[in-house]
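Quick notes on the structure that follows.
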2 protein chains.
Amino acid sequence: MSALDSRADEGDVVKKVMNAPVDYVDEMLDGLCAAHPGYFAQPERRVIARQSGPVQGKVGIVTGGGSGHLPIFTGYIGPGLLDACAIGDVFASPSAEQMAGAMRCADGGAGVLRLYGNYGGDVMNFDMAGEMLEMEDIRSTTVLLADDVASAPPAEAAKRRGVAGMVYAFKAAGARAEERASLDEVTAAAQKTADACRSIGFALSPCIVPQAGKPTFTLPEDQMEMGMGIHGEPGIWRDKLKPADAVADEMFDRLLADLGAGRGERVSLLVNSLGATPLEELYIVYRRLNARLGEAGIGIVSPLVGRYATSMEMAGVTVTLCRLDSEIEHLLLAPCDCPFWTVR
Amino acid sequence: MSALDSRADEGDVVKKVMNAPVDYVDEMLDGLCAAHPGYFAQPERRVIARQSGPVQGKVGIVTGGGSGHLPIFTGYIGPGLLDACAIGDVFASPSAEQMAGAMRCADGGAGVLRLYGNYGGDVMNFDMAGEMLEMEDIRSTTVLLADDVASAPPAEAAKRRGVAGMVYAFKAAGARAEERASLDEVTAAAQKTADACRSIGFALSPCIVPQAGKPTFTLPEDQMEMGMGIHGEPGIWRDKLKPADAVADEMFDRLLADLGAGRGERVSLLVNSLGATPLEELYIVYRRLNARLGEAGIGIVSPLVGRYATSMEMAGVTVTLCRLDSEIEHLLLAPCDCPFWTVR
């Protein structure tokens, strides 16, 4: 057993910057709202919404999910992006009541889009929240984000998990809603963008869930796991750590085969750290993907490099390709503003 | 010996996303420029400058330092910020020739400010670079950044290291230069802002320097080190990990005592991750600092929370207070734009 394995089994050392584990999420949300008062308000517990309230006449867009993934989900509330978010415990679904609360905070009279990752608990609770709002005469639609190609084969794409590619759907839906498009139009733009995204990631080391007090998985010191999910869901292989270019090549080949984009097309590209992996290493990966896209004759528009969807202090990288048409490209280039993503 | 200690001593597992360690910095810079072609160009090896070249008639501002700290130093090149940067190996000074190269790239005919952290190698090489440029009739000045209160007592403040507070001086000097102020005026604004900043940090776990192939220090699994530098320089105490509020309180008390700000004043505040520590935990720290500043009757302007000056995948947090007067506040609120910091 390696040193890292033995750490995982001890379970008594929780090297995190926190007070009582039970207060982790609420104290984080208090700090988030205090630091960005121009953007975020917490109108009820575990619901974060735009500070300025719902925008009358605009389709509201809500998301929700477990904590521990900042800036996703909570951080992408702002003009040209989302309107409200329901926040669960770390890696746990928010309740249907919290989701319904977020939907009410997002409602500007033009209906509400529920836009979130394809995880069982979230789907069940958001469906219930939609039914609750229907009784209040607030119409809502759903787009599920399921971009992780490692989580199921193409024939079972509906079973795939939502990972970092979710941010492209947030951006496109937010831009479309800002144009005062109808609920059906915003829903269509979100669905089209969700369908245009493919992601895959790998992990080098785990994170620690505060209340569990131990790492989410164990991985021997010299190994990586390809295809692992953002909560530590099993991937597709585990082996010795490979050079960055070899890892980037495998991710690129898998994504391109699944997406089917070809010469003369354009994509956006997100190279995302799961948390601990530094920007330096994201740029090393970006360099290779840039070269591979160039060889494939595929143009790059508005690439993103940084931390967009994390798993707290997990080390690893995810790559997303978003296949563009003129509509999606227009929506990606539209202005947006939040503390973690500004386009102007 | 703890599990973590034994890892450090093995020295044969380098869990980083990279190719050959010797290529780490150059591949990172290639990726950085490829990802942000509208911002960054690499006119010569290990020199990053504004893509659009020097701005005629504007004072040029250069910085430089070792790699491994993104977004500082390299990332803060752009309108309202810096003009060029010389880049060393990870945690190593750039050469005098590289610094002179950066200064030439920043020179728009109005002189050049050298604005960088107070580290021996950087000072020696930047002094030589200044002499080289003097022979080419390019006038330059120096402001050294030395904000880390843990690195020397107040009576020896000139010995202090430069850490995350450097970004405030970058911002103020960049804004002043954008106003087409003279070299002396830009230098004065940078010095005044540098003098107004105090920082302190703590570490939970080390990072790995690619070419060394082992952690920069060892720290038992249940311990933290207060006051540690961004290259693992020794801090002021090492003890069992404390709750976030207790750590925030100690940092706040030390900073405020050193800075001397009082009731009715205004500060900006940077809560910075050294790399691995997630945003969630920065907001937990921010929450406490926000409360303490409120109790002290000190107002907060434009707080920053995120990763501004890192040590690759090191875990830990630094806090900076920047004491404001009307001039510094004006400069902080002025527009700037780079991939890592946008004010509009």
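The residues packed around B:Arg266, meaning those with a beta-carbon under 13 Å from its beta-carbon, carry a net charge of -2 if Lys and Arg are +1 and Asp and Glu are -1. Amide H to amide H distances under 5 Å link B:Leu113 with B:Gly60, B:Ile61, B:Val62, B:Thr141, where only residues 5 or more positions off or on other chains count and H is placed in the peptide plane. Under 5 Å between amide hydrogens, built in the peptide plane, is the criterion, and for A:Arg266 it picks out A:Gly299, A:Leu324 among residues at least 5 positions away or on other chains. A simple charge model with +1 on the Cβ of Lys and Arg, -1 on the Cβ of Asp and Glu and nothing else charged puts the dipole of chain B at about 660 debye relative to its Cα centre. For the range B:64-98, a reduction of at least 40 Å² in accessible area between the chain on its own and the assembled protein chains (probe 1.4 Å) is found at B:Leu70.
Accessible area per residue for the range A:168-317 is 30 Å², calculated with a 1.4 Å probe on protein heavy atoms, without ligands, DNA or RNA. Compared with its chain on its own, the range A:33-50 contains the following residues whose accessible area drops by 40 Å² or more in the full protein assembly (probe 1.4 Å; ligands, DNA and RNA excluded): A:Ala34, A:Ala35. Sequentially through the range A:55-65, phi angles give Karplus couplings (6.51, -1.76, 1.60; θ = phi - 60°) of 9, 4, x, 9, 4, x, 10, 10, 10, x, x Hz, Gly and Pro residues having no value and appearing as x. In percent, rounded to a whole number, the relative contact order of chain B is 19, using alpha-carbon pairs under 8 Å and six or more apart. Annotation: peptides B:121-130, B:91-100, ranked by per-residue average of other Cβ atoms within 10 Å with the highest first, follow the order B:91-100, B:121-130.
The alpha-carbon atoms of the protein assembly as shown, seen along their principal axes, cover 73, 58, 56 angstrom, with the largest extent given first. Peptide A:309-322 has a mean of 2 when you count, residue by residue, the C-beta atoms of other protein chains within 10 Å of its C-beta. Scalar couplings 3J(HN,Hα) for the range B:212-221, obtained by applying the Karplus form with A = 6.51, B = -1.76, C = 1.60 to θ = phi - 60°, are 7, x, 8, x, 5, 7, 10, 8, x, 4 Hz; x denotes Gly and Pro. Here the Karplus relation 6.51 cos²θ - 1.76 cosθ + 1.60, evaluated at θ = phi - 60°, turns the backbone of the range B:107-113 into coupling constants of 6, x, x, 10, x, 9, 9 Hz, with x for every Gly and Pro.
Classified by the C-alpha gyration tensor, the range B:201-344 has an oblate form. Its axis ratio a/c, with a ≥ b ≥ c, is 1.5 or above, and a/b does not exceed b/c. Expressed as a whole percent, the accessible area of the protein assembly as shown that falls on carbon and sulfur atoms is 50 (1.4 Å probe). Mind running the shape call on chain A? Use the C-alpha gyration tensor, a ≥ b ≥ c as the square roots of the eigenvalues: rounded below 1.5 for a/c, prolate if a/b tops b/c, oblate otherwise. Because a/c hits 1.5 or more and a/b fails to exceed b/c, chain A counts as oblate. Annotation for the A:B interface, with buried accessible surface near 5100 Å², both sides summed [1.4 Å probe; non-protein components not counted].
When both bridge partners sit in chain A, DSSP labels roughly 60% of those beta bridges antiparallel.
Considering only beta bridges that DSSP places wholly inside the range A:6-164, some 30 percent are antiparallel. The packing ranking, built from the mean of other Cβ atoms within 10 Å per residue, places the peptides B:307-318, A:140-151 in the order B:307-318, A:140-151, highest first. Take B:Arg288: with every protein chain present and a 1.4 Å probe, its accessible area is about 70 Å². Overall shape: rounded for the range A:22-195, with the ratio a/c of the largest to smallest alpha carbon gyration tensor axis below 1.5.
Each peptide in B:276-284, A:17-25, A:37-45 gets a packing score, the mean of other Cβ atoms within 10 Å over its residues, and the list from highest to lowest is B:276-284, A:17-25, A:37-45.
Excluding ligands, DNA and RNA, the accessible surface per residue across the range B:16-129 is 26 Å² with a 1.4 Å probe. Distance check, please: which entries in B:Lys15/B:Lys159; B:Lys159/B:Lys192; B:Lys58/B:Lys192; A:Lys16/A:Lys171 exceed 28 angstrom between their Cα atoms? Listed pairs above 28 Å: B:Lys15/B:Lys159; A:Lys16/A:Lys171.
In the protein assembly as shown, the DSSP-assigned H stretches of four residues or longer account for a calculated mean residue ellipticity at 222 nm of -10500 deg cm²/dmol, using -39500 (n - 2.57) per stretch and the full residue count as denominator.
Here's how it looks for A:Gly275: its modeled amide H is under 5 Å from those of A:Ser311, A:Gly316, which are all 5 or more places away or on a different chain.
Loop-located GluC sites (Glu not before Pro) across the range B:130-187 with a Cβ neighbour count of 16 or fewer within 10 Å are B:Glu136, B:Glu179, with loop assigned by DSSP. Where in the range A:266-301 does accessible area fall by at least 30 Å² between the isolated chain and the complete protein assembly, at a 1.4 Å probe radius? With the partner chains in place, the range A:266-301 has these residues losing at least 30 Å²: A:Ala276, A:Pro278, A:Leu279, A:Glu280, A:Glu281, A:Tyr283, A:Ile284, A:Tyr286, A:Arg287.
The values are calculated or read from the model by the stated rules, or taken from the named source; none is laboratory data. Bear in mind the structure is a predicted one, so any value in this text is a computation, not a measurement. Cβ coordinates were reconstructed from backbone atoms using ideal geometry, including for glycine residues, and neighbour counts include every protein chain displayed. Calculation scope for accessible area: heavy atoms of the full protein, side chains included, ligands and nucleic acids excluded. Shrake-Rupley method; radii C 1.70, N 1.55, O 1.52, S 1.80 Å.
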